[in-house]
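J.: One structure follows; several queries about it will come next.
The values are calculated or read from the model by the stated rules, or taken from the named source; none is laboratory data. Here the structure is a predicted model, which is why all the values come from computation and not from measurement. Positions of Cβ are backbone-derived with ideal geometry, glycine not excepted, and every protein chain shown enters the neighbour counts.
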Amino acid sequence: MQIREAGIEDAAGIHRILQELVAARLRTRPATLDFARDNYITHPDKLWCGVAVDEGGTLLGFQALKLAVEGNEFDVQPGWGVIGTHVSPNAARRGVGAALFAVTREVAQKRGLSKIDASIGADNAVGRAYYDAMGFVTYRTPKGLDCKCYEVV
């Protein structure tokens, strides 16, 4: 598996992963091709979007790190990072998320972030368990969300 920065050419693969997650009932948010491109690859607050690819070049998962700005959709403290992790159900439990986070954590350190927020649906047990395993801890629970924080060292 290789971790690299996502490019515009990865939009279709990211879209495919989002669609797989919707089909598996692991995602309820938008999953269009335009959303994949605009929200992860070309978003103005993006600090990093990494993809995990197998030996054949198939995307296994991706992880985006954005800078929380004033008025952000998750009400995260401005200046923190905001993370989103998405792994194909076909690649689950193969270390994809951990490999992505190892690189994302380095990016966060280089960018001088002190904290990273992961706002996970309260009913998303898989997502909550993943972020727990990466060292995130719950710091608030607004309606329908479990918001976890990672202290960047």
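J.: When you go through (1) within 15 Å of CYS149 (Cα to Cα); (2) modelled with pLDDT under 95; (3) among the β-branched types (Val, Ile, Thr) one by one for VAL76, which number turns out not to apply?
T.: (2)
J.: If we keep just the residues of the stretch 114-129 that are surrounded by fewer than 21 Cβ atoms within 10 Å (Cβ to Cβ) and not small (Gly, Ala, Ser), which is farthest from LYS46 (Cα to Cα)?
T.: Among those that are surrounded by fewer than 21 Cβ atoms within 10 Å (Cβ to Cβ) and not small (Gly, Ala, Ser), it is ASP123.
J.: Which of (1) among the β-branched types (Val, Ile, Thr); (2) without any contact (Cβ under 8 Å) to a residue 24 or more places away in the chain; (3) part of a helix (DSSP H, G or I) does VAL126 not meet, given it meets every other one?
T.: Only one criterion is unmet by VAL126, namely (2).
J.: What are the residues in the stretch 97-123 that are within 11 Å of the chain's Cα centre (by Cα), hydrophobic (A, V, I, L, M, F, W, C) and either part of a helix (DSSP H, G or I) or more than 24 Å from MET1 (Cβ to Cβ) (or both), if any?
T.: Answer for the stretch 97-123, where residues must be within 11 Å of the chain's Cα centre (by Cα), hydrophobic (A, V, I, L, M, F, W, C) and either part of a helix (DSSP H, G or I) or more than 24 Å from MET1 (Cβ to Cβ) (or both): LEU100, PHE101.
J.: Oh, and also: Just the residues that are polar (S, T, N, Q), crowded, with 18+ Cβ neighbours inside 10 Å and touching a helix residue (DSSP H, G or I) at 6+ places or on another chain (Cβ under 9 Å), please, taken from the stretch 53-112.
T.: The answer is GLN63, THR85, SER88.
J.: Just checking, does the stretch 42-60 include any residue being in contact with a His (Cβ under 9 Å, 6 or more places away or on another chain) and at pLDDT 95 or above?
T.: yes
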